[in-house]
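Asks: Before I ask anything, let me first share the structure, which is written out below as structure tokens.
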Amino acid sequence: MPTVAIVGRPNVGKSALFNRLAKRKIAIVHDQPGVTRDRISAPCMATAIPCTIIDTGGIGATLDDGFAAQVTLEADIAMQTADLILFIVDAHEGLTPIDQDLGAKLRKAKPPVMLVANKVDDDKHIRGADEFARLGFGAAIGVSAEHGRGMSTLTAAIDEILKPLAGEIEEAVAAAEEAGIKLAIVGKPNAGKSSLVNAILQDQRTIVSDIAGTTRDAIDLPCDYAGERFTLIDTAGLRPRSKRDSSVEVFSAMRTERSVRRADLCVLVIDLAAGISSQDRKIAQMIMEEKKPCLIVLNKFDLYHPGAPMKARKEEAQEHVKRELFFLSYAPFLTVSAKNGQAVETVLKEVLKIQKGAKKVPSTGKLNRMLQEAFQINPPPTDKRSAKRLKLYYGTAAVDEKYGTIPVPTFVLFVNDKSLMPASYEQYLSNRLREFNPVAGVPIVFSVRSRDRREWEERSASSGRPGKKPAGKPAAQKHSGKPAGKKPAGKKPAAKKPASKPHGRKKK
């Protein structure tokens, strides 16, 4: 699709305009300059002609953390690959020397440049936008990205320029809508998430720095591998809530959490050289609570006991993961070095293996035989309060396709009373099911439902499945010739015996 790059000096409202064109909040909007540091792309939903919009970092200002050169490089790449450039200026502050320098740079750009004066919230601000005509890009289009003013004029101008480029848009849109397997790359700051993304893409698409917190937005990056489409979501590193020292970091953490929820699989990146920390365990706990498929990537393996033999290093890493992340035991792990490109290609291979295994859902008959065997080997405990025990009637596996390309099946168990299912017994059934159907990377989700026994038998009979006879029902009576079930009407009066003659001697 045609690409539209949004460029300008810091804090002129580029991210606000990006969100307005995308019609959803993707880029972080903040008064602090330099919040956006990477190229962020998304489909434009406001124009008639489909296109991709790119938000870039601010150009020309000296940021306080040493990212100015890299941000400028990111903007240069966007300008070289864009079909249209939106040059954003601030109508409130007027023309600045940085705007003039950037205008001189953009006049050498190959794609057409459209001048957009943002923050035109009132008619009086439009007159102030006329001074930008000196930049040589014609009259500026006045908009207010925050309030949506002037957006129809802007989108109409964008459509007019992109109209000649709309030859193969329909096929491109169909391909773009199929995002493929969405992978959320998550982890704590400085674990090597962006390095891993760059190594997989074999391109410097995200900024890599030793300074923790470089990535602040969740960035969607398309990738093709082995005939499959992937979308890599590079997320901001998650620090403990008590250490998030700015609102920007809080917003970044919220974006990361949303990325986990919308992903098909989470790639948990861990700095193996530093060891698994409590923050790594919290992120793993979040993945488990969201019931997401997971792959653990142990990064910086080249720095993990480099003098020891390879086999011993891997065995020790395996024991470390099993001990520290025992609750995420369903997730397989890989040892890689993103910086050196060591074993990086195995990440997508393992994802495809997890996807293939997730589709192997046991049939209803096999599932019920496994459950009955598990109940016989280890019966559920008796509840101390009610003195009752859990009874299983039936089990089935349900797969909802809306959960993406790696579905997580839900095993529905119909029982007499779901309150009788303790967490320990549910874990036992989970372990037995994983032995019966070993699928790595996919969690086991149970849905326990109470069902009255008579209701269950009626449903079973109506569906053609023979139900079990209710417990405690009297056995069938043998035929005795008498009507069954009737009580005797009472004792019959005894027959009168004939009066006996008095005993005595016979008269002669």
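Asks: From the list TYR330, TYR393, pick out the single residue that is closer than 30 Å to PHE301 by Cα, touching a residue at least 12 places away in the same chain (Cβ under 8 Å) and buried (at least 16 other Cβ atoms within 10 Å of the Cβ).
Replies: TYR330
Asks: Can you go through VAL361, VAL336, VAL351 and tell me which one is out of contact with any helix residue (DSSP H, G or I) (no Cβ under 8 Å at 6 or more places or on another chain), open to solvent by less than 30 Å² (accessible area, probe 1.4 Å) and not acidic (Asp, Glu)? Reasoning before the result, please.
Replies: Working: VAL361 fails: open to solvent by less than 30 Å² (accessible area, probe 1.4 Å); VAL336 fails: out of contact with any helix residue (DSSP H, G or I) (no Cβ under 8 Å at 6 or more places or on another chain).
The match here is VAL351.
Asks: Only residues that are closer than 14 Å to GLY187 by Cβ and either in contact with a helix residue (DSSP H, G or I) (Cβ under 6 Å, 6 or more places away or on another chain) or open to solvent by less than 30 Å² (accessible area, probe 1.4 Å) (or both): list them for segment 296-320, please.
Replies: We begin by selecting, within segment 296-320, every residue closer than 14 Å to GLY187 by Cβ; these are 296-300.
Listed by number, the residues that qualify are ILE296, VAL297, LEU298, ASN299.
Asks: Could you say which residue among ALA129, ALA172 is buried (at least 18 other Cβ atoms within 10 Å of the Cβ), part of a helix (DSSP H, G or I) and modelled with pLDDT under 65? Give the steps one after another, and end with the answer.
Replies: Working: ALA172 fails: buried (at least 18 other Cβ atoms within 10 Å of the Cβ).
When all the criteria are applied, what remains is ALA129.
Asks: For segment 370-382, what are the residues that are surrounded by fewer than 19 Cβ atoms within 10 Å (Cβ to Cβ) and either of a type in the set (Ser, Thr, Tyr) or more than 22 Å from ALA440 (Cα to Cα) (or both)? Full working, then the answer.
Replies: So the first thing to find is which residues in segment 370-382 are surrounded by fewer than 19 Cβ atoms within 10 Å (Cβ to Cβ), and the list is 370, 372-373, 375-379, 381-382.
The answer is GLN372, GLU373, PHE375, GLN376, ILE377, ASN378, PRO379, PRO381, THR382.
Asks: Let me confirm something: among LYS314, LYS322, which residue is part of a helix (DSSP H, G or I) and touching a strand residue (DSSP E or B) at 6+ places or on another chain (Cβ under 8 Å)?
Replies: Only one candidate passes the filter, namely LYS314.
Asks: While we're here: So, in segment 264-291, how many residues would count as being open to solvent by 10 Å² or more (accessible area, probe 1.4 Å) and in a strand (DSSP E or B)? I'd like the intermediate steps shown before the answer.
Replies: Step one: of segment 264-291, the residues open to solvent by 10 Å² or more (accessible area, probe 1.4 Å) are 271, 273-279, 281-282, 285-286, 288-291.
From the residues that got through so far, the ones that are in a strand (DSSP E or B) too are 271.
Residues meeting the conditions: 1.
The values are calculated or read from the model by the stated rules, or taken from the named source; none is laboratory data. It should be emphasised that the depicted structure is a prediction, and the values quoted were computed from it without experimental measurement. Positions of Cβ are backbone-derived with ideal geometry, glycine not excepted, and every protein chain shown enters the neighbour counts. Keep in mind that these areas ignore ligands, DNA and RNA; they rest on the heavy atoms of the full protein, side chains included. Shrake-Rupley method; radii C 1.70, N 1.55, O 1.52, S 1.80 Å.
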